[in-house]
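The values are calculated or read from the model by the stated rules, or taken from the named source; none is laboratory data. Quantities reported herein were computed from a predicted structural model and do not represent experimental measurements. Every residue, glycine as well, gets a Cβ built from its backbone with ideal geometry; the counts of neighbours run over all protein chains shown. The area values use the complete protein model at the heavy-atom level, side chains included, leaving out ligands, DNA and RNA. Shrake-Rupley method; radii C 1.70, N 1.55, O 1.52, S 1.80 Å.
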Amino acid sequence: MEELPSITVSQREQFLVENDVFGMYSYFDTSDISTQKFMVEIQRDKQLDYLMNGLRQLSPSFSSLDANRPWVCYWIIHSIALLGESLDDELENNTIDFLGRCQGSDGGYGGGPGQLPHLATSYAAVNTLVTLGGDKAFSSINREQMACFLRRMKDTNGGFRMHNMGEIDVRACYTAISIASILNILDDELTRGLGDYILSCQTYEGGIGGEPGSEAHGGYTYCGLATMILISEVDRLNLDSLTNWVVYRQGVEMGFQGRTNKLVDGCYTFWQAAPCVLLQRFFSAQDLVPHGSSHMSQGTDEDHEGHAHDDDPEDSDEDDSDNDSDEDSGNGHQVHTSTYYINRKIQPVFNSLGLQRYVLLCSKDANGGFRDKLRKPRDFYHTCYCLSGLSVAQHAWSKDEDTPPLTRDILGGYANHLEPVHLLHNVVMDRYNEAIEFFHRAA
Amino acid sequence: MHGRPRKVYKPEEEAASAAKAVKFRSLQSQFLSNHHNKIYTKEAIDLSTKLLEINPEAYTAWNYRKLAVEDTLSRQESDPDLVKSVLDEELKVVESSLKQNVKSYGAWHHRKWVLSKGHSSVGNELRLLNEFQTLDSRNFHAWNYRRFVVELTNRSKHDELKYTEFMIGNNISNYSAWHNRSVLLSSLLERKADGFMPSQKIPEEYELVHNAIFTDEDVQSGWFYHLWLLDQTVNVETPLLISSWPPHGSRINLSRAGCLNDSSSSSKLTTFPLILYFDQAVGGVSSSTVAIDSELKGIEDLVWEPVSNKNSQVSCVWVARLKYMSSEPCFFPKEYKVKVRIGNSPGIVSSRGFNFSVPYEFVFTARVEDTVQEEPREVIVSWTDGFDIWDAQSEDLKNLVNLDQLNGQMDFKWRQEAIAEEIDLFRTLPDSNSKIGKLTIARLLMAKATMSENDVKGVHYEEILKLYNDLMALDSTHYHYYKDEHSVALLRKVTSSTESLSRHLFRYSDMNNSVCLRLNNSSLSRIASVEKLLFVQMLDLSHNELHSTEGLEAMQLLSCLNLSHNRIRSFSALDSLRHLKQLRVLDVSHNHIGEHSVDTTRYLCSSPLSNSEWSQDEVGRRMTPSLVTKYWDAYFVLRDLNLKQLDIAGNVVAGEEFSSFVPQVVPTLVWLNGHKLRS
């Protein structure tokens, strides 16, 4: 008799997750159309209730996040902005005041009032204020002192420290450079040697680890890549192997994993999809890509395919006269043969619709909020990065953030449409534009 | 922050939790007051302990403790027992915090800080680590900390290697363990530690990883480790010189006409590039590390420059411009032997810190001749005719083209054997449509081709090209990656022998029989094998799928370049051309420049005019500012080129306004889009 192959812990865990996920998918596939419609709906009202409640009364269970309060503000307020909503004046003023009290007298923001300034919480505070928008929020940031704080955190090895006497890693580098870039205080002193440091964290797998010698990891890969783009040294990375690594992180469940042979997790929807889109824009913004690939035709649901056949207005608005082939074939993803090319849009290097399906069916909590995977509790961190990633996936076909996606690119249709984000800072595009204008005038 | 287990609160727990939160907040505010008032009493320190037990992420408290420890030690350093008890207490607090949250950055960092004070023991730390790594074998904080401890205590790497075997044995898909194995082995192989000669150890590692790959093809850990092994097999640490211009044994003519010199230069000083091409980026190439023996005038004080797009002092390609005087009329050609010796004195070091340790020398003959100079005609270079085929057997050709790699001394035998074995093995993979299997075979064959003798090369390349074609059809997600690899293989095939290369080589009769390489219509998406093409003066890459000119910067003799009908989408993509000092003719017509107002360039340089380079740019300031602002990416590239002929028609950017802007930036321009600008 043949010996049964032994199964590893990872394989068993993977098996259990696949069981849950595919169970959910098959339930979805066998449901009627109205149930399906309901299942993929974002349910804005429930999301907003969950988020607004969270902001009003940072619930008692948040004691452990007490060193991360600007983060909680960012996760919630950015999520609200992604849904196209904003805060009322009172909440907005409270938030600006609260963050003002987190700001240290010699620059940077701590995890709460009186706490030591920290790069990550400074990033969260700045992104929150950028998302709130308006002169009051913008001018509450002490740019000059922030510049001093960033310089103090700069290490001689080119990288940045999280805080005074704190750890040096790629996260610290990204948060520092993202802040400096958005506040328009980026200079040679901050970028000196930084490219070398990030480069030393790219592993032979292609992804980027947290510090030299560490294994490649989704969050750090996003941080490292975004940093290199912001300091104009992205071509020093091995982009081929980076692309190769990141697209292999999307597994059979269609969600992303953070590292090789790890379980899928909703938050990597952003950390891994954003690098995919950045790389794809970098490589092939104007490419003619042969269409009709295998993964595109894995139609997700009847409802969605229905949309694909619609002659929706965005579609015709956008077509240039030289796009006759696309017009002629005119019905969605499946009919193109390899002789047809699209040049209006880019094909994502990952399965965008599959990813959206994972987030909406497995990461979405029925009562609002998002989570890592089925059976896990929701939290604001996952809500923020699931929604951000969903927005990235919806806009993955667009050649830039200013082009609205087609209905067929959004699972669940336009009812689920989220605001586009600036991929390098993860703030909503409009808010970014307003802030950049303000801080360029301030310089 | 992320990944820590969070508790779901049931309603009945809410009240208790709210009470806890009140207590926590009062603790927090007392702590902050102690911190700001620099109170380091025992009570105050205990209070921070309590806080950290509840919230290990309170990084301010970790900092406070560091200050408190330093404060105590500064007063009590003489008493070793007290020092020990203070530091022991810190380790204890870290340990209990980690039990609360094993992913606390602050806690792990604090432990490193205590250890770097020379405290604790390997045994103690490994015990702690084993506990955490058993609970979560993929916790990267723990793995990072493990590497830190091993480094700090000089724990035997052999023992660590055994630990990775143990962890892999437990779980073949634990990539963290595989990764750590690669980190450990890298260092052991580098030092050639006892029992870790690459020739012996790497084949053993192949055996190990086969178990993982053939157990379950879907386990990616094994494949990634295999990829690392292949890198170790192919890549040689010591930098090697892989080609040079002029090549060894060649005879070159130094004459004004021969180098397509700028007619506008009034002086008789002519320059000629010497090029060194290394297999990896190196620094330290200078007149002290490269010695030149010759009677030729002008070779003293050669300045070697890295040819690289970044402001870095390392590059694969180094160039020195040899200036020689041709003022004295000499009707009889004179010949000089030039001997170039590299690496006799140390100083050439790879970016990874390895020395160029195998001295190498090459000799060429320079024939200086004052040719009768016709008045240079301002003719337009056409890419349609005037090309004469070049016979592969021609002596001229053999003289220029030296396709042998210069790295004869390497120990290739075990490498070739290891790769041959892998190829045989992977060809027996049961699933012939396995993408990763095909990719691995393609990579192995490429490695084999790199290390083979010339005669068998062609065979491999056909198979590699077919594999990449299959992959493009099978796996559209990675289409671009395969496409690029396909291009690399194709160019390697073309440059693999004089015969295959000569099919693409021509002499352009309208310009002193310039050497022209035509690779048009080859569906290339990327440029490669440039080290074998340093002699090319005219290059036709039209009707390909190129996005950028990266790689061409090494071709210092290039004077005419045709990139029409490609996929160049911005002038920034032409940046590498700025290094080509002899480039006079450039055709980038029918590309995608300017098609989209918003493109990736805005990510690369959001505000070009805040660029520090800009403030020092006098030329730019004299021009119409609105145009410079609008066409800044064109400006930054074109201002460094001395073009006579430029073709940009068929790009969205090429409107009337742009056409009026170009001659301002490139004053040397005579022909724009086929029209003469001035007489």
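Laid out as a table, the results:
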| item | result |
| --- | --- |
| Extension gain (nm, one decimal) between A:Asn53 and A:Ala443, 0.36 nm per residue minus Cα-Cα | 136.7 nm |
| Semi-axes of the equivalent ellipsoid for region B:104-210, Cα gyration tensor, largest first, Å | 26, 17, 10 |
| Protection proxy ranking of A:403-413, A:211-221 - average other beta-carbon atoms within 10 Å, highest first | A:211-221, A:403-413 |
| Relative contact order of region A:108-176, defined on C-alpha pairs under 8 angstrom at six or more residues apart (%) | 30 |
| Spatial extent of region A:223-263: Rg and Dmax, with the Cα atoms as the point set, Å | 12.2, 35 |
| For residues of A:252-258, the mean tally of beta carbons on other chains within 10 Å | 1 |
| Relative packing of B:519-532, B:188-201, which averages over residues the other C-beta atoms within 10 Å, highest first | B:519-532, B:188-201 |
| Net lengthening on full extension, A:Ser105/A:Arg12 (0.36 nm per residue, minus Cα-Cα) | 28.3 nm |
| Extension gain (nm, one decimal) between B:Gln200 and B:Ser85, 0.36 nm per residue minus Cα-Cα | 36.6 nm |
| FRET efficiency estimate (nearest 0.05) - Cβ-Cβ, B:Ser500 to B:Glu300, R0 35 angstrom | 0.30 |
| 30 Å tail of the calculated P(r), region B:20-234, as % of Cα pairs | 38 |
| Buried solvent-accessible surface, both chains (A, B), 1.4 Å probe, Å² to nearest 100 | 7200 |
| Relative contact order [Cα under 8 Å, 6+ residues apart], region B:20-234, whole percent | 12 |
| Distance between modelled label sites at A:Asp29 and B:Lys66, nm, 7 Å Cα→Cβ extension | 5.4 |
| Exceeding the 26 Å Cα-Cα cut-off - candidates A:Lys376/B:Lys20; B:Lys323/B:Lys532; B:Lys398/B:Lys493; B:Lys84/B:Lys157; B:Lys448/B:Lys483 | B:Lys84/B:Lys157 |
| Over 18 Å [Cα-Cα, region B:58-119], rounded percent | 31 |
| Value of Rg to Rh for region A:184-293 (Rh from inverse mean 1/r over Cα pairs, i.e. Kirkwood) | 1.00 |
| When the convex hull of its Cα atoms is projected in every direction, mean area for region B:110-156 (nm²) | 3.1 |
| FRET efficiency estimate (nearest 0.05) - Cβ-Cβ, A:Thr156 to B:Ser522, R0 60 angstrom | 0.80 |
| R0 of 35 Å, Cβ-Cβ distance B:Glu656-B:Asp388: FRET efficiency to nearest 0.05 | 0.35 |
| Residue mean of other protein chain beta carbons inside 10 Å, B:569-580 | 1 |
| Spin-label model distance (nm) - B:Arg678 vs A:Glu144, 7 Å beyond Cα toward Cβ | 4.9 |
